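The values are calculated or read from the model by the stated rules, or taken from the named source; none is laboratory data. The model shown is predicted, which means the values in this text are computed figures rather than measured ones. Here the Cβ is made from the backbone with ideal geometry for all residues, glycine too, and neighbour counts use every protein chain on show.
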Amino acid sequence: MMIEGGCCNSQLLKIVIHESEPREESFRIKDGETNLSRIFKVPDQIIREVGLLSFQPKILSIGPYHHGSSHLSGMEMVKLICQRSILGLISENYYDRDEIKGIEKKARSFYGENITMEPNKFAEMLLLDGCFILAALTGMKGKEAVENVSSETSLGDLKQHEALNRHDIVHDLLLEENQIPFFVLEEIHKLAAGKGETTESLKEKIATYVKGVLRYYPTAIEISEIRWKDFHHLLHLCHIFFRPSQKPVKHNHNQAMIQCSDCFPRSHHMTNQWRRAVHYHKAGVKFKVKESRTPHSLLDVTFSNGIMRIPHLSIDAKTESIFSNLIMFERGCPHVGKYINAYVTFMSQLLSDADDVELLVRRGIIEILGREEEILNVFSRLNGLAVFDPHGEDYYLKSMLQSIEDYYRCRRNRWMAWSKHYLHYNSEAVCCSVIFQISDINLFDMQFHG
């Protein structure tokens with residue numbers, strides 16, 4: 001069956017919604033499928049506590065939660081241009097009606113809130129927003145003869161316009177409340193691209209875009225390692241790029257106690273807490289930036305032989321928004337892990353005061369692209385959002401925490417650190433003292449034997 005170009009929008013919508021019942025084997029959410037990464041609204045209480053800036057879209061509405069908001073209406077014309085351009089491609093391609101039945105019903109299952117939007121409106125929204133994402137992220141567009149919103153504007157012109165290149169769009173596309181399921185993009189892409197492109201090519205283009213957004217953060221996973229079934233929406237894909245590259249290594253606490261048996265109180269109780277960077281530093285811990293010679297994630301913090309290696313972190317205006325939404329994504333979807341929650345809690349404790357920030361800046365671990373004094377506020381707010389169990393078996397920093405706590409509480413390490421610090425900053429005084437003592441001994445010897 002082929003769609004005629006002039007009415008492709010309305011005919012496609014009739015099929016996307018329930019023109020006939022969907023095939024159960026294609027779109028039914030299987031029983032026991034608990035790993036669905038649902039899309040939630042951020043609770044009002046959290047918004048009141050931390051403010052709207054991290055969670056509210058600035059110019060762009062994607063999905064049902066902010067659909068129809070008056071302050072986001074300016075981008076609707078841009079989205080319509082993208083939609084008409086991509087739907088212009090559909091008239092050139094054959095498709096199977098059964099392949100896109102039930103999209104509306106399946107898409108609703110991804111949202112954690114009850115969506116009251118009627119099926120026709122919901123499907124229309126998915127189509128509009130899906131076409132925009134395809135155009136903005138992959139550069140997908142129709143022929144020169146594509147019908148435009150106005151006689152002077154085309155998608156080709158639009159790609160050169162700041163409307164599709166603004167930082168605000170990047171901000172809005174990675175919000176927890178501003179997501180649509182990836183399979184919607186896949187279905188639209190199948191219709192528009194035909195047999196020339198595969199789902200893998202779509203995944204690669206979108207993954208390349210997201211990795212480009214995260215270019216200031218080290219990532220370990222390669223685009224070729226990501227399958228389209230691995231992620232359910234753009235924020236989920238962002239989370240995959242941030243995941244630690246290695247599984248936690250079990251810490252041999254008993255061996256550490258044998259090596260430094262005089263360092264522990266009788267209870268041998270391990271505390272599950274982090275300390276400030278300057279406190280670790282005074283105990284002899286050295287801070288070094290993790291080298292980029294081998295691929296690693298931002299979250300790959302390690303501790304070995306008294307050296308804590310932390311990947312380079314650039315902090316700018318986008319940092320708080322990205323991490324806030326990743327934290328809420330993890331809280332709503334526990335099966336993806338609590339990696340971001342754990343990392344944020346660790347860093348917020350490490351950077352508790354201005355001298356902690358200064359220490360890590362000197363070591364090249366932190367690069368500040370904004371105001372230095374704002375860093376403490378950012379991590380304080382992020383820490384207020386983070387929720388995780390430090391005693392849990394899946395706590396990826398647990399082994400590192402135990403290792404550094406052993407090192408910190410070892411009296412020998414702390415004494416050696418104090419000695420080095422004293423000798424370094426008081427070497428001149430020590431030399432003078434030694435010379436004085438030698439001179440005094442020689443003088444006494446001369447007087448005694450004189």
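One residue alone among Phe388, Phe287 is within 20 Å of Phe242 (Cα to Cα) and either touching a residue at least 40 places away in the same chain (Cβ under 8 Å) or not hydrophobic (A, V, I, L, M, F, W, C) (or both), and that residue is Phe388. Taking the numbered list (1) modelled with pLDDT under 90; (2) assigned to a helix (DSSP H, G or I) in turn, Val184 passes all entries but (1).
Selection of first residues in the stretch 103-115 that are more than 11 Å from Met125 (Cβ to Cβ) and of second residues that are crowded, with 21+ Cβ neighbours inside 10 Å and modelled with pLDDT of 90 or more, restricted to Cβ pairs under 6 Å at least 6 apart or on distinct chains, gives the following pairs, ordered by first then second residue: Phe110/Ile39; Phe110/Pro181; Tyr111/Ile39.
Of the residues making up the stretch 357-372, those that are in a helix (DSSP H, G or I) and in contact (Cβ under 8 Å) with a residue 24 or more places away in the chain number 2.
The residues in the stretch 382-397 that are surrounded by 18 or more Cβ atoms within 10 Å (Cβ to Cβ) and modelled with pLDDT under 90 can be counted, and the count is 2.
Selection of first residues in the stretch 333-356 that are among the acidic types (Asp, Glu) and of second residues that are not in a helix (DSSP H, G or I), restricted to Cβ pairs under 9 Å at least 6 apart or on distinct chains, gives the following pairs, ordered by first then second residue: Asp353/Arg276; Asp355/Arg276; Asp356/Arg276. Annotation: of all residues in the stretch 109-167 being among the hydroxyl-bearing types (Ser, Thr, Tyr) and surrounded by fewer than 18 Cβ atoms within 10 Å (Cβ to Cβ), the one that is modelled with the lowest pLDDT is Ser151. For the stretch 201-231, name all the residues that are touching a Leu at 6+ places or on another chain (Cβ under 6 Å), within 20 Å of Phe323 (Cβ to Cβ) and in a helix (DSSP H, G or I). Those that are touching a Leu at 6+ places or on another chain (Cβ under 6 Å), within 20 Å of Phe323 (Cβ to Cβ) and in a helix (DSSP H, G or I): Tyr209, Val210.
Yes or no, residue by residue, for (1) under 20 Å from the mean Cα position of the chain (by Cα); (2) surrounded by fewer than 17 Cβ atoms within 10 Å (Cβ to Cβ); (3) at pLDDT 90 or above; (4) assigned to a loop (DSSP other than H, G, I, E, B):
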| position | (1), (2), (3), (4) |
| --- | --- |
| Ile47 | yes, yes, no, no |
| Ser61 | no, no, yes, yes |
| Gly68 | no, yes, yes, yes |
| Gly74 | no, yes, no, no |
| Ser85 | no, no, no, no |
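Are any residues in the stretch 310-346 acidic (Asp, Glu) and in a helix (DSSP H, G or I), and if so, which ones? Let's see the steps before the verdict.
Taking the stretch 310-346 first, the residues acidic (Asp, Glu) are 316, 320, 330.
Listed by number, the residues that qualify are Glu320, Glu330.
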